[in-house]
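Here it is, the structure, as structure tokens.
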Amino acid sequence: MGIRRGGSTERRGTPADLLIIGLGNPGPEYVGTRHNVGFDVVESLVVRFGGRLRPVKGVPAIADDLRIDGVRVVAAEPTTYMNESGTAVGSLMRRHGIDDPTHLVVVHDELDLPPGRLRVKVGGGLAGHNGLRSIRSHCHTDGFTRVRIGVGKPPDPARGADHVLKRVPASERRVLDSVVAEAVDALECLVTRGPDEAAERFNGIVVE
């Protein structure tokens, strides 16, 4: 499948090589929750490379333009709620000339992975994730690259929303912070060496 064309946000300047999106919810009440781990990773990546996330005119997102080993990377966070993430992602893809969906990298929480694990993967299902569902709806593809951060399943499957929207307890925070750091390393590897090598190097890591 291809990327849907059209919309009000036209490409500006030279196309980016990669667009990296961290998923989460805006607002202080969501800081430190499992659902916002994508934000944590992208913010750490931007700090590592001396950038600063700023509002994007005409797009519900904050972003910065980074250079990582000569590769032009736009790192961004939607400022919509999670289930409307695709609005920002579609606009950013058009603005930055991202035509190949594998050049969109989405960092998100993953219930199907235990805490302390991450996975780099190109394409795949949505696993009930509202942010991924919104991106597929707006961009008409699920072939984008994912960096999946394990947050584990809740004891009661019916309480998945509570599990991801509550702040991470101190006993789990150290593990999650360590996985965030590993995910930033994985993103740097993905940018410079590609998703296959990033998967080979980082998919087997277990943080305890």
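The values are calculated or read from the model by the stated rules, or taken from the named source; none is laboratory data. Please read all numbers here as calculations on a predicted model, not as lab measurements. Don't worry about glycine lacking a Cβ; one is built from the backbone with ideal geometry, like all the others, and counts go over all protein chains shown.
Quickly run through segment 53-71 and pick out the residues that are under 17 Å from the mean Cα position of the chain (by Cα) and among the small types (Gly, Ala, Ser).
Residues satisfying the conditions are 61, 63.
Further, regarding this structure: Could you count how many residues in segment 41-62 are under 23 Å from residue 193 (Cα atoms), touching a strand residue (DSSP E or B) at 6+ places or on another chain (Cβ under 8 Å) and hydrophobic (A, V, I, L, M, F, W, C)?
Residues meeting the conditions: 5.
While we're here: Only one of these conditions is not met by residue 95: (1) surrounded by fewer than 23 Cβ atoms within 10 Å (Cβ to Cβ); (2) more than 20 Å from residue 148 (Cβ to Cβ). Which number is it?
The one condition residue 95 does not meet is (1).
Inside segment 118-129, can you point out the residues that are modelled with pLDDT of 85 or more, at negative phi and either buried (at least 18 other Cβ atoms within 10 Å of the Cβ) or in a loop (DSSP other than H, G, I, E, B) (or both)?
118, 119, 120
Say whether the condition of being of a type outside the set (A, V, I, L, M, F, W, C), at pLDDT 95 or above and in contact with a Cys (Cβ under 7 Å, 6 or more places away or on another chain) is met by at least one residue in segment 90-97.
Checked against the condition, which is being of a type outside the set (A, V, I, L, M, F, W, C), at pLDDT 95 or above and in contact with a Cys (Cβ under 7 Å, 6 or more places away or on another chain), segment 90-97 yields at least one hit.
Also: Take segment 84-136 and flag every residue that is basic (Lys, Arg) and farther than 14 Å from residue 61 by Cβ.
117, 119, 121, 133, 136
Surrounded by fewer than 15 Cβ atoms within 10 Å (Cβ to Cβ) and at pLDDT 95 or above - does that describe any residue in segment 183-192?
Within segment 183-192, one or more residues are surrounded by fewer than 15 Cβ atoms within 10 Å (Cβ to Cβ) and at pLDDT 95 or above.
Can you find, within segment 55-73, the residue that is surrounded by the fewest Cβ atoms within 10 Å (Cβ to Cβ) among those that are of a type outside the set (A, V, I, L, M) and closer than 20 Å to residue 17 by Cβ? So that I can check it myself, show each step before the final result.
The initial filter retains those residues of segment 55-73 that are of a type outside the set (A, V, I, L, M), namely 55, 57-58, 60, 64-65, 67, 69-70, 72.
With the extra rule that they be closer than 20 Å to residue 17 by Cβ, the set shrinks to 64-65, 67, 69-70, 72.
Values: 64: 18, 65: 14, 67: 12, 69: 10, 70: 8, 72: 15.
The extreme case among them is 70.
I would also like to ask the following. State which residue is surrounded by the fewest Cβ atoms within 10 Å (Cβ to Cβ) when the search covers only segment 102-117 and only residues that are closer than 24 Å to residue 72 by Cα and hydrophobic (A, V, I, L, M, F, W, C).
106
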